[in-house]
Amino acid sequence: GCGSDDPAAGSDSIKVGFITKFPVDFYDTMVDAVKKYDADHKDVEVVFGQGKSGTDDEGVIAIIENMITQDVKAIAVTPTSPNVQGALDKAVKAGIKVVLVDNDIPGWKGKSSVVATDNLAGGKLAGEWLAKKLSPGATLAILQGRLGNPSLDDRVKGLKQGLGTVATIVAEPATDCDQTKGLNAAQDILTANPNVTAIYGACGPPITGALQAVKAANKKPGAITVVGFDASPDELTAIASGEQAASVAQFPAKMGSLGIETAVAAARGEQVAATVDTGTEMVTKDNVSQFK
Amino acid sequence: MTATDRVPALRVVDAVKRFGLVVALDGVDLEVHHGEVLALLGDNGAGKSTLIKCISGVHRLDSGRIEIDGTPVDLHSPAAARAHGIETVYQDLALFDNLDPAANFYAGREAAGPRWLPRGLRVLRRRAMAEATADVLSRLQVQVHAGQSTVGLLSGGQRQAIAVARAAAFDSRIVILDEPTAALGLRESRRVLDLIVRLRDEGRAVIVISHAMDHVIEIADRAAVMRRGRKVGEEVPNPETRQRIVSLIVGA
Amino acid sequence: MTATDRVPALRVVDAVKRFGLVVALDGVDLEVHHGEVLALLGDNGAGKSTLIKCISGVHRLDSGRIEIDGTPVDLHSPAAARAHGIETVYQDLALFDNLDPAANFYAGREAAGPRWLPRGLRVLRRRAMAEATADVLSRLQVQVHAGQSTVGLLSGGQRQAIAVARAAAFDSRIVILDEPTAALGLRESRRVLDLIVRLRDEGRAVIVISHAMDHVIEIADRAAVMRRGRKVGEEVPNPETRQRIVSLIVGA
Amino acid sequence: MAVSTTPPDTAAKTDPPSRRPTWPSVALALIRTGPVLMLVAVIAVAGTLSPVFLTTRNLGNVLAQTAVIAILAIAQLLVIVTRGIDLSVGSTIALAAVVGALTFEAVASTPLVVLAMLGTGLAVGLVNGTGLVWGRLPHPFIVTLATLSVAHGLALWLAGGQPHRGMPDIVQQIGGGSIGWLPYSAFLVAALALAVLFLTTRVVWGRWIYAVGGNPEGARRSAIPVNGVLISVYALSGLFAGIAAIVTSGRLNAGSPTFGELAELDAIAAVVIGGASFLGGRGTVGNALVGAFMIGVIRNAMNLMNVDAFIQPIVIGVVILVAVELDVVRGALERRFRVMRAVQS
Amino acid sequence: MAVSTTPPDTAAKTDPPSRRPTWPSVALALIRTGPVLMLVAVIAVAGTLSPVFLTTRNLGNVLAQTAVIAILAIAQLLVIVTRGIDLSVGSTIALAAVVGALTFEAVASTPLVVLAMLGTGLAVGLVNGTGLVWGRLPHPFIVTLATLSVAHGLALWLAGGQPHRGMPDIVQQIGGGSIGWLPYSAFLVAALALAVLFLTTRVVWGRWIYAVGGNPEGARRSAIPVNGVLISVYALSGLFAGIAAIVTSGRLNAGSPTFGELAELDAIAAVVIGGASFLGGRGTVGNALVGAFMIGVIRNAMNLMNVDAFIQPIVIGVVILVAVELDVVRGALERRFRVMRAVQS
Ligand SMILES: Nc1ncnc2c1ncn2[C@@H]1O[C@H](COP(=O)(O)OP(=O)(O)OP(=O)(O)O)[C@@H](O)[C@H]1O
Ligand SMILES: Nc1ncnc2c1ncn2[C@@H]1O[C@H](COP(=O)(O)OP(=O)(O)OP(=O)(O)O)[C@@H](O)[C@H]1O
Ligand SMILES: O[C@@H]1[C@H](O)[C@H](O)CO[C@H]1O
Ligand SMILES: [Mg+2]
Ligand SMILES: [Mg+2]
């Protein structure tokens, strides 16, 4: 059921909250999967909530509080940061099961389960992939996401760990995951460092922008190794055409459906796994067809 | 020279205007004829400015009516009043401190062309406006320097002169001046008084608000006195009636 | 009553003030004594307001000096001028349209306590201020209604009366009034003239700018005439000297 | 000057106010409550559409969720009354929270943490105020935009881009604790609002703020210490941002460089919804609070009603516009009723 | 009124302007160039610190990167001159871009896509203008904040939260193409700036804009169609946001609900850096452009110099503040030199 006026939503119907960070395609895909689950399960009513930005702790907390008021039995939430744990504690105290989706809150005891990618591990994966691909003396530019956003920061941190000392990092501007800012930054990087070997981006839109800058600089497609994160539809197209080398894929739809399933199970008092790794995978030209 | 035509250029009938608890106009009747200077007198707060603002479309009457050349008109906005040939110098001057004298002078009726374009899109005739403005101002003996770009920096009298010149320069049939010489020096006042007389001689209807009895006696054909929102009397102002007018004003 | 003490209350020596290309003051000397009313005359734009603004700390002189009771002073701000006992009514009134009459009246010297607190943190004596303001205003015969909460809505004369009352009410040694009766009616003008005479009789030094020769002759002990930024002469104003003063003003 | 009491006999006449309550005067009394009326209307609609809205538990949530906007709005009101604007308050929250969290990590002393946060806020405010005044800047937009940027950068840099968890218990209580359903932060908001109400209506300084906003040059000529007033107003705005930082970091038990993002826009919107004017000299603390709660209530109600995230901004925009428009109509009605009452009496 | 030419003989005397160029007049000529001088200073510093900065290639980048801010700033200037503000332009870019992208998906007609984007921008602008005027709102902050919110929500909803890729070739050229190193968008900016310069300085409507901003009540009393002027200004601001949407979505070859986020703040900052006043009636197109390029140059230079991302906001804040402060000093110097020249001659 998808509303209290739904006749099928009887007394045994159970109300579960699903909270995402902010309106971007990544969460849209996730929410679509949950909506589908909602439509398929007459005995579950999902209430949704979404913050305003990737760092909108206050907004997410307000939604959590409001869901407590509405007596949901479980909340699946993509935490903007560990800062939301106080509000989640309140939920747990009110007998609500909490499932973290997309990102973990390390060290927080209240969670029933974590259905997520490990962003640090994802970043490391990209770093190791690049380390293999690049030759010593290579130079790398990093397009950061939104400064202070833990999951985005982890992707950069992970990359540096995986990369080791193979390449020198020549620039790492923040792009707020915005395509225009990514394009501007990449243009400037290519002007200042015309011979940069590789570009890594912590999220999809700036990578799409960077590809445009590479093209505008009259570089041959693929001359610069461009690696992204999230494997957005635009990135997949670029990988298929050879403009982009690779991207770290997450599986938002999977996170959504597994997240809501886990939350419902926890709410019904069933035993749930402490962690459900939805996995990350390196998407390259070789395997891109599987992701389309 | 007193006007003798039967239909007044402007007629106000039973005008009432309230601001909250204040009754600024309390049933005022007024007439002014073409070729006549009517002085509007009264103490501070008597309602003079309110009355002329109602005639100029700044305020709307709560009740009562206004006729021009015998026809009732709806002066719902200053634009409507201007369309009916009413031109006003306000007590607070309503100048644009950020604009130069010429722009102030022509505000709302800029010289511009070509004619077939909508008014707002016409190209300004800046040179022509600047020259005409300088001429009119020098005629009022108030020199404004080229170095003074905006009227916000002019002296009190220079500002008033610009406002008066603006109202008189264009071909309107009813000219209203709210204390036009208050900030003016001797010579400038004289020029404005001459100007008022010339406006009358051109057949326009002129309403002047002034606290300067000498000026009133010199130029006005008729004086209407207001007190506490009502019209309390009319006189032909001259040295003999002076004391009677003063009594009307102060209500003694 | 003309002042006879040797040291002037206020003395301006060789004052020069330029605004870009305009020389508003061009070497002006001026004195006014305690117990004296000095009229400052001149055509529009002659530099009168500029001079009193320099004395009041609004503008700084480009060169020249100002002495109070024989001592050179630095009037770098209106606060400094006020600290030296100078109180001014400006031509543009400088009222607060968003505040009520009492708040305007006491602006910058609010009645408040307790004394041991820094001035800004004292608690307003609102009732006392309202009452005193009403008294002072009614004495000037300008009634302001309770329903009129902010002075922005008052008539031109009501506004001017508040500004004049404000400058006169407090115990300052030098009072400067820039065209204090320009917007006032007959009765209100009379009250202000009486007020000026009383200020003089209390031993204060008074400078009045006015274009109304009758008023000047009636109340001023001495008249200084400015033209084009210079002081062009001084006279004791009376009916006999009237014509000479007028000639000085218009420069003929 | 001696005082005489000549009775008024000139000037336009005034009708005496009526004593008997007539229907226009009842309508007037209702309508005069001003923007509060609109807030009550919004609350009524929210309560009707969502039954949980009016539960004490939810009202507690609304109060807690709106505390930060409300605190910022109270101070922003003063800034706006002086014809100014303070864009830096959101970033200041971030900086103060980070400084507080780092202080807590270093010394774990509650008074020091609180002082550090308040001091940081005050410092940013003083930079704004003195920069505006001594820099003779034409408008505070620029200096507060600059400190917005600088404080944000400093917060990121000090925090190393990371949130720092942990706040003293008292701070956590202030931000997240409650007596029954009434959050402590609501009491804090009430106390601050009352203090500023007192300052603005009863104290000389408050009078000066309105004078400076109404006529800055006139204020200078009246020997009002205009520069001091401006500096004090920005200092207070900074200090209140520091207080807001305490509430935020207490509620979230952390200090993070992402706190307070765009909070300045909420605060300014609240003040403007409450009827203050960018042209200065107008606006009241009470109405600024009403504006803050208008925003808070709408957001809360939409969450409760499970309004689609894409639709929420549309609803917020429309509701704010309608509320303000109704207030415009209300004002016109108030004037009309005043006249009617005067005529009837 | 007949015209006489009595020579002036009263009033303060004026020194004739000097003919021979003296050193104060040379200094004055330099100093008078205004904010441009500050921009040149910033460019000089950037060129010194980063050798690539002054390469044509980089200058081309700067032009392309600043085009959107510049377009918005030109229109925002007009709004601010009328004492207004238009907060909705960023969201309008998003909405127009999404509408354009969806149109392109549906019909693939270039003129229709362009018309759809311009029309969307114009529509939002008309809503702002008529809402302000007919709603008798006290300030455009509220209505444009409302449309900010509504346009953002509509863009999200229409796009389903997703970016939609694909734009007609011509649109892509406008946004991303160039002749040599000169981007087409720079020509567009220049053309729009010249057009608005002409409108503001040579056309009646431009005169009215400054009159309405300088004295709204005076404008009404002068029979200037104040409401029409206000509506036209907001309509133009919306239209320019539509043009900015064409540039953005052409450059990125997509329409996405995330476009234009916070672009309004950049535009307003540019206008204010260029010396316009929120109190209305003051400001020029040229200086608004200078403000836009000041922001663009600083951002570009920091990227070139690889300034730490945490430090960038700090540098931006400080540089903007310093530039504006220098302009204040410049203005004071200008007045001083004017007097000096007058005295010398
Ligand atoms: N702030 C200013 N900037 C530029 N010019 C100014 C400024 N103030 C005054 N002026 C100019 O200086 C000259 C003297 O002005 P001032 O106001 O002193 O004249 P005034 O004698 O008071 O005239 P009025 O009788 O009309 O009030 C005028 O030409 C005026 O335009
Ligand atoms: N917009 C307004 N709102 C409220 N009260 C007003 C408004 N305009 C005028 N009044 C009041 O109406 C009364 C009449 O004012 P008005 O300006 O017409 O007087 P006046 O005769 O022109 O006086 P003065 O000679 O001083 O200019 C005054 O009491 C004034 O305070
Ligand atoms: O953590 C999330 C997601 O993994 C996604 O990449 C979108 O932005 C981030 O904030
Ligand atoms: Mg009047
Ligand atoms: Mg003067």
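To one decimal in nm, how far is D:T201 from the same spot in the other copies, if labels go 7 Å from Cα toward Cβ? Please give the shortest first.
5.2
Students sometimes get this wrong: rank B:H76, B:H34 by accessible area, probe 1.4 Å, all chains present, largest first.
On the way: B:H76 95, B:H34 50 Å².
Putting B:H76, B:H34 in descending order of accessible area: B:H76, B:H34.
Under 5 Å between amide H atoms, partner at least 5 residues away or on a different chain: which partners does A:A171 have, H built in plane at 1.01 Å?
Those qualifying (amide H under 5 Å, at least 5 residues apart or on another chain) are A:I142.
If you build a Gaussian network model of chain E, linking Cα atoms that sit under 10 Å apart, which residue out of E:F141, E:F310, E:F240 swings the most?
Largest GNM mean-square fluctuation: E:F310.
Find how many whole Å separate the alpha carbon centroid of segment D:180-218 from the alpha carbon centroid of segment C:196-252.
49
Treating only the Cβ of Lys, Arg, Asp and Glu as charged (+1, +1, -1, -1), what charge dipole size does the protein assembly as shown show about its Cα centre? Round to the nearest 20 debye.
With Lys and Arg at +1 and Asp and Glu at -1, about 2360 debye.
Taking segment C:114-202, which GluC sites (Glu not before Pro) meet the DSSP loop condition and have no more than 16 other C-beta atoms within 10 Å?
Working: sites: C:E131, C:E188, C:E202; in loops: C:E202.
Loop-located and lightly packed - C:E202.
Which single residue of chain C puts its beta carbon nearest to the axis of rotation relating C to B, and what distance, in whole Å, does that give?
C:A182, 2
Can you compute the FRET efficiency between A:K93 and E:L112 using 1/(1 + (r/R0)^6), with r the Cβ-Cβ distance and R0 = 45 Å? Round to the nearest 0.05. Before the final figure, lay out each step's value.
Working: r = 57 Å, r/R0 = 1.26.
It comes to 0.20.
Taking the solvent-accessible surface of protein heavy atoms with a 1.4 Å probe, what is the per residue accessible area of chain B in Å²? Walk me through the numbers on the way to the answer.
Details: 9270 Å² over 252 residues.
I get 37 Å² per residue for chain B.
In chain A, with Lys and Arg counted as +1 and Asp and Glu as -1 at Cβ, which of these residues, A:V227, A:A274, A:A94, has the Cα nearest the positive end of the dipole, that is, farthest along it?
Going by the Cα projections, it comes out as A:V227.
What is chain A's relative contact order, in percent, from Cα pairs under 8 angstrom and six or more apart in sequence? Don't jump to the answer; show the numbers that get you there.
Working: 655 pairs, mean separation 52.2, N = 292.
In percent, rounded to a whole number, it is 18.
Listed here are the pairs A:K109/A:K181; A:K109/A:K292; A:K132/A:K220; which of them are more than 29 Å apart at the Cα?
On the way: A:K109/A:K181 38 Å; A:K109/A:K292 37 Å; A:K132/A:K220 21 Å.
Violating the 29 Å limit, Cα to Cα: A:K109/A:K181; A:K109/A:K292.
Run the dipole for segment E:51-306 about the Cα centre, Lys and Arg Cβ at +1, Asp and Glu Cβ at -1, nothing else charged, and hand back the magnitude in debye, nearest 20.
On the way: 11 positive and 7 negative charges, 111 e Å.
My answer is approximately 540 debye.
So for each of D:326-333, D:112-119, A:56-63, A:271-278 I average, over its residues, the number of other beta carbons within 10 Å; can you give me the resulting order with the highest mean first?
Working: D:326-333: 16.1, D:112-119: 21.9, A:56-63: 25.1, A:271-278: 14.5.
Result, highest mean first: A:56-63, D:112-119, D:326-333, A:271-278.
State, in square angstrom and to the nearest 100, the accessible area buried between chains E and C, both chains counted, probe radius 1.4 Å. Don't skip to the end; give the middle numbers.
Numbers: alone 17600 and 12420 Å², together 28860 Å².
Looking at E and C, the buried total is near 1200 Å².
Report, by chain and number, residues whose modeled amide H sits under 5 Å from the one on E:V203, excluding near sequence neighbours (fewer than 5 apart, same chain).
B:L124
What number in nm² do you get for the protein assembly as shown if you take the convex hull of its Cα atoms and divide its surface by four?
Values: hull surface 230.3 nm².
Taking a quarter of the hull surface, the average projection is 57.6 nm².
Please give the average number of partner chain Cβ atoms lying within 10 Å of the Cβ of each residue in C:200-210, rounded to a whole number.
Values: counts 0, 0, 1, 0, 0, 0, 0, 0, 0, 1, 0.
Mean partner-chain Cβ count within 10 Å for C:200-210: 0.
Whole percent per 5 Å bin, from 0 to the bin with the longest distance: what is P(r) over all C-alpha pairs of segment B:138-214?
P(r) for segment B:138-214, in whole percents per bin: 3, 15, 28, 24, 17, 9, 4, 0.
Using a Gaussian network for chain B with springs between C-alpha atoms less than 10 Å apart, which of these wobbles most: B:S138, B:S49, B:S77?
Sorting by GNM fluctuation, first place goes to B:S138.
Between B:E240 and the same site in the other copies, what are the distances in nm, shortest first, taking label points 7 Å from Cα along the C-beta direction?
3.5
In whole angstrom, how far apart do the alpha carbon centroids of segment C:1-55 and segment D:141-168 sit?
Their Cα centres are 55 Å away from one another.
Per the Debye formula with a single identical scatterer at each Cα and no solvent contribution, what log10 I(q)/I(0) holds for chain C at q = 0.14 Å⁻¹?
Values, matching the q order: -0.95.
Name the longest site-free stretch of chain C, where the excluded sites are trypsin sites (Lys or Arg not before Pro) in a DSSP loop with no more than 14 other beta-carbon atoms within 10 Å.
Working: sites that count: C:R6, C:R60, C:R115.
Here the longest run is C:116-252.
Restricting things to alpha carbons, find the Rg to Rh ratio for chain D using the Kirkwood radius for Rh. Intermediate values should be presented prior to the final figure.
Details: Rg = 22.3 Å, Rh = 21.6 Å.
Using Cα coordinates only, the ratio equals 1.03.
Sorted from shortest, what are the nm distances separating the label point of E:T55 from equivalent points in the other copies, each placed 7 Å from Cα along Cα to C-beta?
Relative to the other copies, E:T55 has label-point distances of 6.4 nm.
Considering only D:P35, B:Q158, D:M302, whose Cα is most displaced toward the positive end of the charge dipole of the protein assembly as shown, charges sitting on Cβ of Lys, Arg (+1) and Asp, Glu (-1)?
B:Q158
Residues of C:111-122, mean number of Cβ from any other protein chain within 10 Å of their own Cβ, rounded to a whole number? Numbers along the way, then the final one.
Details: counts 1, 5, 1, 0, 0, 0, 2, 2, 4, 13, 4, 4.
That works out to 3 on average.
Output the 0 to 90 degree angle, nearest 10, between the alpha-carbon long axis of helix E:184-202 and the longest principal axis computed from the alpha carbons of chain E.
Computed tilt is about 50 degrees.
For a label point 7 angstrom out from the Cα of B:L117 toward its Cβ, which stretches of segment E:160-200 have the backbone nitrogen within less than 17 Å?
Taking a point 7 Å out along Cα→Cβ of B:L117, the residues of segment E:160-200 whose backbone N falls under 17 Å are E:192-200.
For every helix of n ≥ 4 consecutive DSSP H residues, a contribution of -39,500 (n - 2.57) applies; sum these over the protein assembly as shown, divide by its total residues, and give [θ] at 222 nm rounded to the nearest 500 deg cm²/dmol. Please report the intermediate quantities before stating the final value.
On the way: 53 runs with 777 residues, N = 1486.
It comes out at -17000 deg cm²/dmol, rounded to the nearest 500.
Which shape class applies to segment B:76-165: rounded if a/c is under 1.5, otherwise prolate when a/b exceeds b/c and oblate if not, where a ≥ b ≥ c are the square roots of the Cα gyration tensor eigenvalues? It would help to have the intermediate numbers written out before the result.
Values: a/c = 1.97, a/b = 1.26, b/c = 1.57.
Judged from the Cα gyration tensor, segment B:76-165 comes out oblate (a/c at least 1.5, b/c at or above a/b).
Once you keep just the Cα pairs under 8 angstrom separated by 6 or more residues, what percentage relative contact order results for chain E? Write down the numbers at each step before the final one.
Details: 572 pairs, mean separation 115.4, N = 345.
About 33 percent, as a whole number.
Partner chain Cβ atoms within 10 Å, averaged over the residues of D:296-304 - can you pull that number for me?
Values: counts 1, 0, 0, 5, 5, 1, 2, 14, 6.
Per-residue shielding by partner chains comes out at 4.
Which cross-chain or sequence-distant (5 or more) residues have an amide H under 5 Å from the amide H of C:R227, H modelled 1.01 Å from N in plane?
C:V232
Which one of C:A212, B:V23, D:A108 has its Cα pushed farthest toward the positive end of the charge dipole of the protein assembly as shown, where Lys and Arg give +1 and Asp and Glu give -1 at the Cβ?
C:A212
Chain C: longest stretch without exposed chymotrypsin sites (Phe, Trp or Tyr not before Pro) (DSSP loop, at most 16 other Cβ within 10 Å), sites themselves excluded?
Working: sites that count: C:W116, C:F170.
Here the longest run is C:1-115.
The values are calculated or read from the model by the stated rules, or taken from the named source; none is laboratory data. Note that the structure is predicted; figures quoted are calculated from it, not measured. Cβ: placed from backbone, ideal geometry, glycine included. Neighbour counts: every protein chain shown. Heavy atoms of the whole protein, side chains included, go into the accessibility calculation; ligands, DNA and RNA do not. Shrake-Rupley method; radii C 1.70, N 1.55, O 1.52, S 1.80 Å.
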